[in-house]
Amino acid sequence: MVLVIGIGNEYAHDDAAGLLTARAIKAQAAEGVEVLEQSGEGAALMESWTGARAAIVIDAARSGGPPGTVHRFDAGLEPLPAETFRGSTHAFGLYQAVEVARSLDRLPPRLIVYAIEGRDLTAGIGLSSEVERAIPAAVAAVIREIGEISKTLACRKRDYLGYGFVTLE
């Protein structure tokens, strides 16, 4: 199973990017994909991905890059860049949850983070035009990622069933 977690607040303009991306993915998701929506509170995130073999988290970013830029990070291989998530409204948000989980050896075996650079994270409804245009690209990237992860998990499952050692990584 691949777990997809969309993070955000739909009453804070571009902060809703992760939620809206997750909703679009849920509408297209194949069997074996679970899609959750979260506010981004770190302890809840850690609880959500407990036991998952693979998780993809989607959130808004505020690194100073061009609005609408879609960043991808393999959090299982390296720490998340703190400056990308500096605009979090949570004292213990995504960045902190990933790094605490890493130190406690509680990250899923595969954890990918997509972050959509926001322009306006203030209170209000509706996305900036840049973020609205970025969401279809983020959805397509996550759907491709789900496909790649699913192939890897299927090969590992065959290996566990005694079909020999196979890896696609």
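The values are calculated or read from the model by the stated rules, or taken from the named source; none is laboratory data. Predicted, not measured: the structure shown is a model, and the values here were computed from it. With ideal geometry, Cβ positions are generated from the backbone for all residues, glycine too; neighbour counts draw on all protein chains shown.
When Ala138, Ala115, Ala101 are screened for being assigned to a helix (DSSP H, G or I), under 12 Å from Ala60 (Cα atoms) and modelled with pLDDT of 95 or more, only Ala138 passes. What are the residues in the stretch 27-73 that are among the acidic types (Asp, Glu) and not in a strand (DSSP E or B), if any? Correct list: Glu31, Glu41, Glu47. Within the set of pairs 6 or more residues apart or between chains, which connect a residue that is on the phi > 0 side of the Ramachandran plot inside the stretch 38-53 to a residue that is assigned to a helix (DSSP H, G or I) and surrounded by 18 or more Cβ atoms within 10 Å (Cβ to Cβ) with Cβ atoms less than 7 Å apart? As it stands, the answer is Gly40/Leu94, since those pairs meet every condition given. Close contacts from the stretch 62-88, counting a first residue that is basic (Lys, Arg) and a second that is outside any loop (DSSP other than H, G, I, E, B) and at pLDDT below 95, with Cβ to Cβ under 8 Å and a gap of 6+ residues or different chains, come to Arg62/Thr84; Arg62/Phe85. Condition first: in contact with a Leu (Cβ under 8 Å, 6 or more places away or on another chain), small (Gly, Ala, Ser) and buried (at least 18 other Cβ atoms within 10 Å of the Cβ). Can you find one or more residues in the stretch 96-115 that meet it? Checked the stretch 96-115: at least one residue is in contact with a Leu (Cβ under 8 Å, 6 or more places away or on another chain), small (Gly, Ala, Ser) and buried (at least 18 other Cβ atoms within 10 Å of the Cβ).
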